[in-house]
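This report concerns only the one structure given below.
The values are calculated or read from the model by the stated rules, or taken from the named source; none is laboratory data. All values derive from a computational prediction rather than experimental measurement. Cβ sites come from the backbone with ideal geometry, for glycine too, and all protein chains shown count toward neighbours. When the accessible area is computed, the model is the full protein with side chains, heavy atoms only, and any ligands, DNA or RNA have been set aside. Shrake-Rupley method; radii C 1.70, N 1.55, O 1.52, S 1.80 Å.
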Amino acid sequence: MTKTKPAGNKPKRDISFNPRELEPRWQAKWEADKLYRAVIDESRPKHYALTMLPYTSGDLHFGHWYPMAPSDARARFKRMNGYNVLFPIGFDAFGLPAENAAIKRGIHPKIWTYKNIENMRRQLRTMGTMFDWEREAVSADPEYYKWTEWFFIQLYKHGLAYRKMSAVDFCPNCNTTLAREQVIGENRVCERCGTPVIKKDLEQWFFKTTKYADELLNFDELDWPERVKVLQTNWIGRSEGASVIFKTEAGDPIEIFTTRPDTLWGATFMVFAPEHPLVDKITMPEQREAVEAYKAQAARQSDIEREAADKEKTGVFTGGYAINPVNGERIPIWIADYVLMSYGTGAIMAVPAHDERDFAFAKKYDLPIVEVIRPEPSPLHPSPSGRGDGGEGGELKEAYIGAGVMVNSGPFNGTKVNDQKGRKNPGISAVIDWLEQQGMGKEAVNYRYRDWLISRQRYWGAPIPMIYCEKDGWNPVPEDQLPVLLPEDVEWRPTGESPLKLHPTWKNTTCPVCGGLATRETDTMDTFMCSSWYHLRYLSPHYDKGPFDEKEYNYWMPVDTYTGGIEHATMHLLYTRFFHKALRDAGIVEGNEPMLQLRNQGIILGEDGDKMSKSKGNVIAPDELVAQYGTDALRTYLMFAYRWQEGGPWNSQGIDGTSRWLRRVWMLFTDQTPPGSASDETKRTLRRRVHQTLKRVTHDFENFEFNTIISSLMELLNEMYKAREAGVVGSSEWNEATEIYLKMLAPVAPHIAEELWTNHLGKPYSIHQQRWPQVDEEAAKEDMIELPVQINGKVRDRITVPAEAGEEEIKAAALASVVVQKYLEGKEPKKVIVANKRLVSIVV
RNA sequence: GCCGAAGUGGCGGAAUAGGCAGACGCGCACGACUCAAAAUCGUGUUCCCUCCGGGAAUGAGGGUUCGAUUCCCUCCUUCGGCACCA
């Protein structure tokens, strides 16, 4: 046979491609062979790839597939690159839906949860992931939550868990208190159920997350998305300033926090939150009635009403006065609901001339306004801004917030103030130093961040292992008595009250200190506590001498790559960082951060562009699609169709594209094509394309650019079809191409790659134990390069030159072009630029 | 109001370091195969014009540059977060 004619070379088609048959077959074999078992191997570098564990809702949907399948592909890629990869999975198994099912349908949460886990395990297996199932951990197993309880006790012993009475967020639908992070948006709704939360005064357990506020703001060791870092930074809300002690006329100290100590001389009144403890003491008899009425009204209002920024300010005078320490002025004390007890000290100095809120308040109640920062006249603004008549002594029209010079400020007159915060502002810095010398105040930092409220008035969670005794107060359950098991014989009230409270005997116990009668804490822990350390439990899920086996910890931790949704930026991702730092200080773990690299996937929307939800009827069920197209097609669709970090709407026709591609891969590898006699040039070109693709795919895997991995593989497949037509089959280049192609395919479509590798190419099982191929840089290089030639910015011609041609050579070739000559009309070009050997630009 | 991200064909999206805009795929159109359809294969597919050839175009406007999707400024739109935070 000489030149292979396409027509005479119709390959015999193997139409046996049947993912529904081959996928389960390989899944069973891999599992039987323990192919993905991850065990410590000091001879290889480790890679801990973690994806957020699913809640046991009972059904795996695209919200699970989308982070997991591409993460699996990347974990497989890492494994082929010589890493010993740990890619575990488990279940976040405590939580309210289980309890709601119990209330509604009378199924015990434990039964509901574990039945769901069974189904989810089955679904997860159909995904074809390399999860090491022997490391599976379930947070509702006593062998797991024993250690959740143990961690609580360790935090308690290190002073990081405490109990306090305060006004807390309460979800009336979920019937439990919530952490501040779990109250979402300006409507202040419950993170789980969307019900607006209310405030309640309750005594609850907290973790001292604020102790780590500053450290949590430091992301130096983290390769995390900028977005997450910004969200966490804003959430913590650090502001720098000073704390200053004012005094009441009776001499009681009033501590305030201010970011503008440079405006202290302009404080013309003070405002307390209505709940401030000093209010009763300073209120004069004549004002008592009005103050009480105002307090009552503020208490009745919801937080949403009260915190609405555009609401007109209201307040009442207490009759009491304070002394401004910097100038001895006697200034009135008001109460107003725009001052919140929950931020700072619940009391402020009001500087109406330089704060919008204070200005509005002063205008409304006709309180004095004293200017203490005067803008410096500039050529652009000859008259100081904010003034009604532009002149000295004129009335301010609005608060002036900007830079200027201090006036009416005693020793600081003439000091410059810029618009920076804290010590970066010379005026603020000078005043802080002075306050400290005078003993009137000190430099201070305030945070928006609050301590983590951990108590939940629910049954289906890890019990808080604390015991209350009339005599000895609160004490932890002795560690040798852990776990405090959830009782199973409980009754459900439709009201949602915790069955632990109602259980007749469970809460009765003995005091670990005096041995007398005592009661258990009946609240359970926030489930975010369980998920704050699950990555540690995966290390040794059945270990019973501690939460994890140190040998495993030392080898695998920290997590190298963490994937999951951004919705947890200020919840789970902040909690788990806090948790790790707290454990570090308790001497339990090492290192400052638990997860070094984080990547967030986007969201797959319904075909209509809306969020997938049962009520909208736009949910796409993975189970049906696996049955129809096979797992490989589904995995590759999810990688190909979107920028992974962004997501987008589901397109049911899109999956035909990847399904077709895999079929074409199958055809190319299974067609019986007789060897041909392709030209050396054809073989060389094929080899070049293979190594160029390999280079690109390798790069894209590292960078989570899954969509271009698939498109590169599609392009190469098209090239390979052309090369086959040109008779390249039978050459060493062809054999190399097929081998490299399947290795590149293996992480994304593990089943078809294995079938073709083992059963059609007859290579040694398993492709998933092969090494990732090396890029041959020489082979990837082009011999000849084509350069566009621009004349005055427009492409007019193309020239082909040897890849190693120098700039002068390229210039000469460009100027020799007939087309270029035509445009030059015999004139000399003004400029000829050869840009990075990618383009020639001629200016005439 | 403040902070952040993003705007590219009918659609999803590509475009090392400022260098050929629209790769790859979906959809659509036409053709081949077929009695027919599906599947498959092939060709075409940003828009406009006088269709040889030329012009315009990456949310809008301006700037830097031989050259801008990419850098700078102003603005618009969408999405996300925070919000009386002293």
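Residues in region A:131-149 that are surrounded by fewer than 20 Cβ atoms within 10 Å (Cβ to Cβ) and of a type in the set (A, V, I, L, M, F, W, C): A:133 only.
Conditions tested, residue by residue: (1) outside any loop (DSSP other than H, G, I, E, B); (2) open to solvent by less than 40 Å² (accessible area, probe 1.4 Å); (3) over 30 Å from residue A:613 (Cβ atoms).
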site	(1), (2), (3)
A:16	no, no, yes
A:21	yes, no, yes
A:38	no, yes, yes
A:48	yes, yes, yes
A:59	no, no, no
A:88	no, yes, no
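State which residue is modelled with the highest pLDDT when the search covers only region A:816-844 and only residues that are of a type in the set (D, E, K, R) and more than 10 Å from RNA strand B (Cβ to nearest atom). Restricting to residues being of a type in the set (D, E, K, R) and more than 10 Å from RNA strand B (Cβ to nearest atom), the top hit is A:828.
I'm told residue A:424 meets every condition in (1) open to solvent by less than 20 Å² (accessible area, probe 1.4 Å); (2) free of Cβ contacts under 8 Å to residues at least 60 places away in the same chain; (3) within 15 Å of RNA strand B (Cβ to nearest atom) except one. Can you identify the failing condition by its number? The number of the failed condition is (1). Inclusion of residue A:780 among residues that are open to solvent by less than 70 Å² (accessible area, probe 1.4 Å), within 13 Å of RNA strand B (Cβ to nearest atom) and modelled with pLDDT under 85 is not warranted. Taking region A:229-250 as the region of interest, how many residues are touching a strand residue (DSSP E or B) at 6+ places or on another chain (Cβ under 9 Å) and of a type outside the set (Ser, Thr, Tyr)? Total satisfying the criteria: 12. Beta carbons closer than 9 Å, at least 6 apart along the sequence or on distinct chains, pair a first residue in region A:611-635 that is under 9 Å from residue A:19 (Cα atoms) and at pLDDT 85 or above with a second that is open to solvent by 20 Å² or more (accessible area, probe 1.4 Å) and in a loop (DSSP other than H, G, I, E, B) for A:630/A:18. Of (1) part of a strand (DSSP E or B); (2) away from RNA strand B (no atom under 16 Å from the Cβ); (3) open to solvent by less than 20 Å² (accessible area, probe 1.4 Å), residue A:576 satisfies all except one. Which? If we test residue A:576 against (1) part of a strand (DSSP E or B); (2) away from RNA strand B (no atom under 16 Å from the Cβ); (3) open to solvent by less than 20 Å² (accessible area, probe 1.4 Å), just (1) comes out false.
Taking the criterion of being open to solvent by less than 30 Å² (accessible area, probe 1.4 Å) and within 16 Å of RNA strand B (Cβ to nearest atom), the residues of region A:662-682 that qualify are A:662, A:665, A:666, A:667, A:668, A:669, A:670, A:671, A:673. Put simply, of A:335, A:401, A:369 the only residue that is at pLDDT below 90, assigned by TED's automatic domain parsing to the domain that holds residue A:246, of a type in the set (Val, Ile, Thr) and within 16 Å of RNA strand B (Cβ to nearest atom) is A:401. Yes or no: residue A:813 open to solvent by less than 50 Å² (accessible area, probe 1.4 Å) and at pLDDT 80 or above? Against the criterion (open to solvent by less than 50 Å² (accessible area, probe 1.4 Å) and at pLDDT 80 or above), residue A:813 qualifies. In region A:65-82, the condition of being modelled with pLDDT under 95, outside any helix (DSSP H, G or I) and of a type in the set (A, V, I, L, M, F, W, C) is met by no residue. When region A:554-567 is filtered for residues that are surrounded by fewer than 19 Cβ atoms within 10 Å (Cβ to Cβ) and in contact (Cβ under 8 Å) with a residue 24 or more places away in the chain, the ones remaining, listed by number, are A:555, A:565, A:566. Only one of the numbered conditions (1) over 21 Å from residue A:53 (Cβ atoms); (2) open to solvent by 40 Å² or more (accessible area, probe 1.4 Å); (3) at pLDDT 95 or above is violated by residue A:586, and that is (2).
Taking into account only those residues within region A:338-363 that are among the aromatic types (Phe, Trp, Tyr) and within 10 Å of RNA strand B (Cβ to nearest atom), which is least open to solvent (accessible area, probe 1.4 Å)? That would be A:361. Remark: residue A:685 matches the filter, which requires a residue to be within 16 Å of RNA strand B (Cβ to nearest atom), farther than 21 Å from residue A:663 by Cβ and polar (S, T, N, Q).
Let's see how each residue does on (1) modelled with pLDDT of 95 or more; (2) outside any loop (DSSP other than H, G, I, E, B); (3) within 31 Å of the chain's Cα centre (by Cα):
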| site | (1), (2), (3) |
| --- | --- |
| A:442 | no, yes, no |
| A:449 | no, no, yes |
| A:468 | yes, yes, no |
| A:491 | no, no, no |
| A:494 | no, no, no |
| A:501 | no, yes, no |
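The set of residues in region A:714-727 that are of a type outside the set (D, E, K, R) and near RNA strand B (Cβ under 8 Å from one of its atoms) comprises A:714, A:717, A:718, A:721. Taken over region A:625-661, the criterion of being charged (D, E, K, R) and away from RNA strand B (no atom under 14 Å from the Cβ) is satisfied by A:632, A:635. Counting only helices (runs of 4 or more DSSP H) that fall entirely inside region A:706-777 and contain at least 1 residues that are farther than 30 Å from residue A:599 by Cα and either modelled with pLDDT under 95 or open to solvent by 40 Å² or more (accessible area, probe 1.4 Å) (or both), the qualifying elements are A:706-725, A:732-745. Being assigned to a helix (DSSP H, G or I), of a type in the set (D, E, K, R) and either surrounded by fewer than 21 Cβ atoms within 10 Å (Cβ to Cβ) or not assigned by TED's automatic domain parsing to the domain that holds residue A:342 (or both) is a property that residue A:545 lacks.
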